[in-house]
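A.B. asks: Take this structure first; my questions come after.
The values are calculated or read from the model by the stated rules, or taken from the named source; none is laboratory data. Here the structure is a predicted model, which is why all the values come from computation and not from measurement. With ideal geometry, Cβ positions are generated from the backbone for all residues, glycine too; neighbour counts draw on all protein chains shown.
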Amino acid sequence: MENLLSNKTILVVGAGGLLGSHLVPALLKQNATVIAADISLDPMRERLAALGVNTLEGKLTFSELDITNEASMKRFFEEQNDQIDGAVNTTYPRNKTYGKHFFDVSLDSFNENLSLHLGSAFLFTQQCAAYFKREQNPFSLVNISSVYGVVAPRFEIYDHTTMTMPVEYAAIKSAILHLNKYAVSYVNDSRFRINSVSPGGIFDGQPEAFLQAYKDKTHGAGMLDVDETVGSVLFFLSEQSKYVTGQNIIVDDGFSL
């Protein structure tokens, strides 16, 4: 369906990342006005341009935003002159030691990654809620979780690779799902909705041994292309999901079954 988001302004934070950069053109195709935000403007513009996005498009504006900085976040929402109807948090902040194997993760590193990723998810959710309370216009927030926020890792698919499924990631993504429910229950207004999309594996140049092992756990699709997760996000942002809140759509071709 075309033009699901006509006359809506959608904020995408992390618009320079893998999912965010693919979400921006999909939103523009649905006739949305898009605010693309990231911690660094130039890399975001370059990535979007490489995907064929006209960065001079009248319905697209750019904003520099550090989602881990409380002052930056509050200032951003206070400076918004136009109505924002929805937002998607596609950010993935992490430290330099993120992704080690379980027994190699220090407490300091674990805590720092929770602070960066889950803490910023809390901050963004809080400020979206505060914005809604101030403006009193319907608002739909989509936070990105993961299939590994729902089920335990299948560690055997990482055999014969140097990869693992980071413990920080599992803790953060599962917590985001309950954070959503807490926030919408607290605000308690049907005009303010929060939902999540939980992708399975998204192809991003992983080693062949992993790709095949992962594919064997699905119904045949294997790793998904990032564009295949976008439709569920658009659904949550649109009027098609007007009274859907606190929910999670898993897009994984049966990996979690």
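To keep it simple, each residue is scored yes or no on (1) touching a Lys or Arg at 6+ places or on another chain (Cβ under 8 Å); (2) under 30 Å from Gln126 (Cα atoms); (3) in contact (Cβ under 8 Å) with a residue 40 or more places away in the chain.
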position	(1), (2), (3)
Thr162	no, no, no
Val197	no, yes, yes
Lys217	yes, no, yes
Val226	no, yes, yes
Gly246	yes, yes, yes
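A.B. asks: If you don't mind, there's one more thing I want to ask. Tell me, please, whether a residue that is farther than 20 Å from Leu118 by Cα and in contact with a Ser or Thr (Cβ under 7 Å, 6 or more places away or on another chain) can be found in the stretch 146-162.
C.D. replies: So far as the stretch 146-162 goes, yes, one or more of its residues are farther than 20 Å from Leu118 by Cα and in contact with a Ser or Thr (Cβ under 7 Å, 6 or more places away or on another chain).
A.B. asks: While we're here: It is to be established whether one or more residues within the stretch 92-102 are surrounded by fewer than 16 Cβ atoms within 10 Å (Cβ to Cβ), among the aromatic types (Phe, Trp, Tyr), without any contact (Cβ under 8 Å) to a residue 12 or more places away in the chain and over 27 Å from Gln240 (Cα atoms).
C.D. replies: No, the conditions are met nowhere in the stretch 92-102.
A.B. asks: Follow-up. Being outside any helix (DSSP H, G or I) and either under 20 Å from the mean Cα position of the chain (by Cα) or not acidic (Asp, Glu) (or both) is the requirement here; does Gly222 meet it?
C.D. replies: yes
A.B. asks: Kindly indicate whether Ile84 is under 28 Å from Glu168 (Cβ atoms) and either surrounded by 20 or more Cβ atoms within 10 Å (Cβ to Cβ) or modelled with pLDDT of 95 or more (or both).
C.D. replies: Judged against the criteria, Ile84 is not a match.
A.B. asks: Further, regarding this structure: Sort through Ala183, Ala152, Ala221 and tell me the only one that's surrounded by fewer than 18 Cβ atoms within 10 Å (Cβ to Cβ) and under 30 Å from Asn31 (Cβ atoms).
C.D. replies: Ala221
A.B. asks: Right, something else. Applying the selection to the stretch 13-59, what residues are of a type outside the set (Lys, Arg), in a loop (DSSP other than H, G, I, E, B) and farther than 22 Å from Phe124 by Cα?
C.D. replies: Hits for the stretch 13-59 are Gln30, Asn31, Leu51, Gly52, Val53, Asn54, Thr55, Leu56, Glu57, Gly58.
A.B. asks: Got at least one residue in the stretch 163-177 being closer than 21 Å to Ala32 by Cβ and of a type outside the set (Val, Ile, Thr)?
C.D. replies: No - not one qualifying residue is present in the stretch 163-177.
A.B. asks: Could you go through the stretch 224-238 and let me know if any residue there is closer than 30 Å to Lys29 by Cβ, touching a strand residue (DSSP E or B) at 6+ places or on another chain (Cβ under 9 Å) and among the acidic types (Asp, Glu).
C.D. replies: Within the stretch 224-238 (the criterion being closer than 30 Å to Lys29 by Cβ, touching a strand residue (DSSP E or B) at 6+ places or on another chain (Cβ under 9 Å) and among the acidic types (Asp, Glu)), the answer is yes, since at least one residue qualifies.
A.B. asks: Scan the stretch 32-45 and report the pairs whose first residue is without any contact (Cβ under 8 Å) to a residue 40 or more places away in the chain and whose second residue is surrounded by fewer than 22 Cβ atoms within 10 Å (Cβ to Cβ) and of a type in the set (Phe, Trp, Tyr), with Cβ atoms within less than 7 Å and a gap of 6+ or a chain change.
C.D. replies: Ala36/Phe62; Leu41/Phe62; Met44/Phe62; Arg45/Phe62
A.B. asks: Take the stretch 234-257 and flag every residue that is touching a helix residue (DSSP H, G or I) at 6+ places or on another chain (Cβ under 6 Å) and part of a helix (DSSP H, G or I).
C.D. replies: Once the filter is applied, which keeps residues that are touching a helix residue (DSSP H, G or I) at 6+ places or on another chain (Cβ under 6 Å) and part of a helix (DSSP H, G or I), the stretch 234-257 yields Phe235, Ser241.
A.B. asks: Residues to consider are Gly246, Gly254, Gly222; find the one that is within 19 Å of Asp204 (Cβ to Cβ) and among the small types (Gly, Ala, Ser).
C.D. replies: Answer to the selection: Gly222.
A.B. asks: In the list Ala183, Ala170, which residue meets the criterion of being over 19 Å from Leu19 (Cβ atoms), in a helix (DSSP H, G or I) and either in contact with a helix residue (DSSP H, G or I) (Cβ under 9 Å, 6 or more places away or on another chain) or not aromatic (Phe, Trp, Tyr) (or both)?
C.D. replies: Testing whether each residue is over 19 Å from Leu19 (Cβ atoms), in a helix (DSSP H, G or I) and either in contact with a helix residue (DSSP H, G or I) (Cβ under 9 Å, 6 or more places away or on another chain) or not aromatic (Phe, Trp, Tyr) (or both) leaves just Ala183.
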